[in-house]
1. Inside the stretch 384-394, can you point out the residues that are surrounded by 17 or more Cβ atoms within 10 Å (Cβ to Cβ) and either charged (D, E, K, R) or out of contact with any Phe, Trp or Tyr (no Cβ under 6 Å at 6 or more places or on another chain) (or both)?
2. Answer yes or no as to whether E361 is under 32 Å from the mean Cα position of the chain (by Cα) and farther than 19 Å from A406 by Cβ.
3. I'd like to verify a number: residues in the stretch 104-143 that are at pLDDT 75 or above and open to solvent by less than 60 Å² (accessible area, probe 1.4 Å), how many?
4. So, K180, is that one charged (D, E, K, R), in contact (Cβ under 8 Å) with a residue 24 or more places away in the chain, open to solvent by 20 Å² or more (accessible area, probe 1.4 Å) and in contact with a Cys (Cβ under 9 Å, 6 or more places away or on another chain) or not?
5. Regarding E15, is this residue open to solvent by 40 Å² or more (accessible area, probe 1.4 Å), more than 57 Å from the chain's Cα centre (by Cα) and on the phi < 0 side of the Ramachandran plot?
6. Can you run down the residue pairs with Cβ atoms below 8 Å, 6 or more apart or on separate chains, where the first is in the stretch 280-297 and in contact (Cβ under 8 Å) with a residue 60 or more places away in the chain and the partner is not in a helix (DSSP H, G or I)?
7. Scan L227, L200, L186 and give me the residue that is assigned to a helix (DSSP H, G or I) and buried (at least 19 other Cβ atoms within 10 Å of the Cβ).
8. Here is a list of conditions, (1) open to solvent by 60 Å² or more (accessible area, probe 1.4 Å); (2) within 29 Å of G231 (Cβ to Cβ), and E270 meets all of them except one; can you say which number that is?
Amino acid sequence: MATDEASPAAAAAAERIRVVGAWAGSLEVELGGWTVPMLRAEVARRAGGVEPDRINLIFGGRVLKDDPPASLQQAGLKGNAKVLSTLLAPDRGKAIAAQAAAAAAEEEHNNRLVRLWNAAEALCQRHTDGSFHEEDFNLDLEDQSGQKVMFGSVDDLKAVKMALMLHQKAKTFIKRDMHKEALDVLAMAEEAFSLCDPKLIERVDNVPMLQLDIVWCYFVLRDVSRLEVAGTRLERARSGFERSHGKDSARFRLLQAGRHADLAIYVRLELLEGVVAYHNGNTVKARESLTSAQAKYMQLQVPDEAISILMSMGYGARAAKRALKMTGYDIQSSVDLLCEEREKKIRRVQEDMEMQKEIMEQKKYGKTPMNKAVNMQKLKGLVAIGFEKKLAAEALRINENDADKALDLLTDPEQNCILQHKIMSKAKRLSRGSGSGSSSSRAAAATTASGVNNSQAPVDTSANVPDGSAMEESHVLPVINEEAANNVEAVNDDETVNHEEEDMSEESAEGEEEANPPPVRDVAMENELAHEMTGDALDDYDIDVSNEGQAISEYLSLLDSAA
């Protein structure tokens, strides 16, 4: 009876077995609890971290199998048993296939980054230098109040737009937990920012936000090897925030009507500063930064009751939570913020509709010889002094938006006559269907002929004249149009001359397009970039800090353990 009771105890006790071969040594195992896969994994780890499936175990002249999963005792092993371990050669075919797949994935990733850069560059180029719009939207810079921002040269404006577009794409990757991909795009955004005049961008907080996002990706990827670089980037971020937000965010609070929209930014910044200090051995600095980050984190914990109050007013949960976090849980201030945001959205929709109408009108006038769109501001200036809109647009188009040359053409009776005849000829050719094979720019230019005949009658343009100095100019147009009408009748008597002029006009337009062909577009990538631009000025500050809160607790615990 005593023997029967001792038997289970002996089975559960640790026994020593000897392993020789790929790894040699002794192991203490529970023969009744350990399985063959467990023994294989332990031998693989001790053999240098090789894959367990490369370890072959032999005992008593037979190979130990994993299936069915049996204990070592059931496999016949006893105390002081001797097991031979051999290292199998890796599957060469699988290794080659894995390497090829990795190389293909890397090449595809690199090609995508190149496409991303080229698409961003092309979009910003078209929407900065006045190129002809291929789409029905425009890229503008706005401040936090929604006002349009214009600063620096055309190259500076293009670089800033490009950097912000790439930064927004990287933020999308971060939200999808694709931090490695985000790092590559953030590096491109940083390069685009470097192309801009530093004195211009030091007044905005986009660059320090970029530095902060880069270090956040380091942290999420647990890339401790970049700690030194991370510390430098965080210093740049803090100094950049102080320049743009003011000391203790005083300027930012003033612009935001006393709100704390930037609180989440500083939670992340101070967390990362504490993490870098901890890994560099500066525990005092680490505790100081982490404690400050924790205090700000607690301020961002919104009570459910406050959210319920705003939701009962008809606001969404996410919008209510965001407003409460940015106003310190003040209900009235949150309502004011939500009302301001709603008004901004309504105003933005109206502005977008007006912009789309203007772009569609702009497309009707066609491209200049250098593939630029007709400058609508200069067109409005010519219309304001009494010139017919379509005629003025054509004068700007053929003169590459040079307002002085367009004005000289419009005030020259002979040139004005030729221009009107050209527009009318294109309209007739389009109505006959002979221009079906023409390019899009010529077709768009031909549509500008509608309503030209109405300009032949005298027009009272005094309502459009800003002062008396332009009155003489406004009276020239009806006289010129009268001469043009007479000349058109004379030319129509000679159909051969008319056809020759049409052919010459068509050949001239074809020559202009052949000399300056539009660049090839990556439409798919351009649309992907454009659709991710939210236009929400507070989106950068609306950060879910739940991950930051967990990290703060984790590192404070590490500091307590070290103490």
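1. Here is the first cut: in the stretch 384-394, the ones surrounded by 17 or more Cβ atoms within 10 Å (Cβ to Cβ) are 385-388, 390-394.
Of everything in the stretch 384-394, those that are surrounded by 17 or more Cβ atoms within 10 Å (Cβ to Cβ) and either charged (D, E, K, R) or out of contact with any Phe, Trp or Tyr (no Cβ under 6 Å at 6 or more places or on another chain) (or both) turn out to be I385, G386, F387, E388, K390, L391, A392, E394.
2. Numbers: under 32 Å from the mean Cα position of the chain (by Cα): yes; farther than 19 Å from A406 by Cβ: no.
Taking the combined requirement at face value, the residue does not satisfy it.
3. Our first condition is that a residue be at pLDDT 75 or above; within the stretch 104-143, this holds for 104-128.
Filter once more, so that each one left must be open to solvent by less than 60 Å² (accessible area, probe 1.4 Å): 104-105, 109, 113, 116-117, 119-120, 122-124, 126-128.
Looking only at that region, the number is 14.
4. Numbers: charged (D, E, K, R): yes; in contact (Cβ under 8 Å) with a residue 24 or more places away in the chain: yes; open to solvent by 20 Å² or more (accessible area, probe 1.4 Å): yes; in contact with a Cys (Cβ under 9 Å, 6 or more places away or on another chain): yes.
Taking the combined requirement at face value, the residue satisfies it.
5. Values: open to solvent by 40 Å² or more (accessible area, probe 1.4 Å): yes; more than 57 Å from the chain's Cα centre (by Cα): yes; on the phi < 0 side of the Ramachandran plot: yes.
Yes: the conditions hold for E15.
6. Going by the 8 Å Cβ cut-off, the qualifying pairs are T283/A563; Y297/V545.
7. Working: L227 fails: buried (at least 19 other Cβ atoms within 10 Å of the Cβ); L200 fails: buried (at least 19 other Cβ atoms within 10 Å of the Cβ).
Exactly one residue qualifies, and that residue is L186.
8. Just one mismatch for E270, condition (1).
The values are calculated or read from the model by the stated rules, or taken from the named source; none is laboratory data. Everything quoted here is computed from the prediction, not taken from an experiment. Reconstructed Cβ throughout: ideal geometry from the backbone, glycine too, with neighbour counts over all protein chains shown. Ligands, DNA and RNA are excluded from the accessible area calculation, which covers all protein heavy atoms including side chains. Shrake-Rupley method; radii C 1.70, N 1.55, O 1.52, S 1.80 Å.
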